């Protein structure tokens, strides 16, 4: 549950909900091959309150996509998913499960 958990109501995987600011600082957190109900997940998260980098890979393809909750106080800065502008809704960012790697960049 620290790294990813299934939201059964939406068939989505919620990413990094249990990670603290201390964990994300410096080198951040990387997990590879995490077993989920939707396949293996690779996840890297690192950052601070003004800059966050997230990489999602692996075979996991939840029908409801991935959900990323802003892990810091305040509102998230400008965000891109694979270089395209993305919008947070009430501190939540929805990511498609396309089967291709996703790179989320926040701030910076």
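The values are calculated or read from the model by the stated rules, or taken from the named source; none is laboratory data. Since we're looking at a predicted model, the values are computed, not measured. Please note: Cβ atoms are built from the backbone with ideal geometry, for glycine as well, and neighbour counts cover all protein chains shown.
Observations on the structure shown:
- Residue count for the stretch 49-87, restricted to those that are closer than 19 Å to residue 18 by Cβ and surrounded by 12 or more Cβ atoms within 10 Å (Cβ to Cβ): 17
- Which numbered condition residue 8 fails, given (1) free of Cβ contacts under 8 Å to residues at least 12 places away in the same chain; (2) over 15 Å from residue 67 (Cα atoms): (2)
- Within the stretch 1-44, the residues that satisfy the criterion of being part of a strand (DSSP E or B) and either touching a helix residue (DSSP H, G or I) at 6+ places or on another chain (Cβ under 6 Å) or loosely packed, with under 12 Cβ neighbours inside 10 Å (or both) are 29, 32, 33.
- Residue count for the stretch 56-85, restricted to those that are touching a residue at least 40 places away in the same chain (Cβ under 8 Å) and either over 17 Å from residue 98 (Cβ atoms) or in a strand (DSSP E or B) (or both): 8
- Taken over the stretch 88-103, the criterion of being more than 19 Å from residue 5 (Cα to Cα) and surrounded by 15 or more Cβ atoms within 10 Å (Cβ to Cβ) is satisfied by 88 alone.
- The listed residues are 17, 12, and the only one of them that is under 19 Å from residue 94 (Cβ atoms) and modelled with pLDDT under 95 turns out to be 17.
- For the stretch 24-35, a residue qualifies if it is within 14 Å of the chain's Cα centre (by Cα) and without any contact (Cβ under 8 Å) to a residue 24 or more places away in the chain, and exactly one does: 30.
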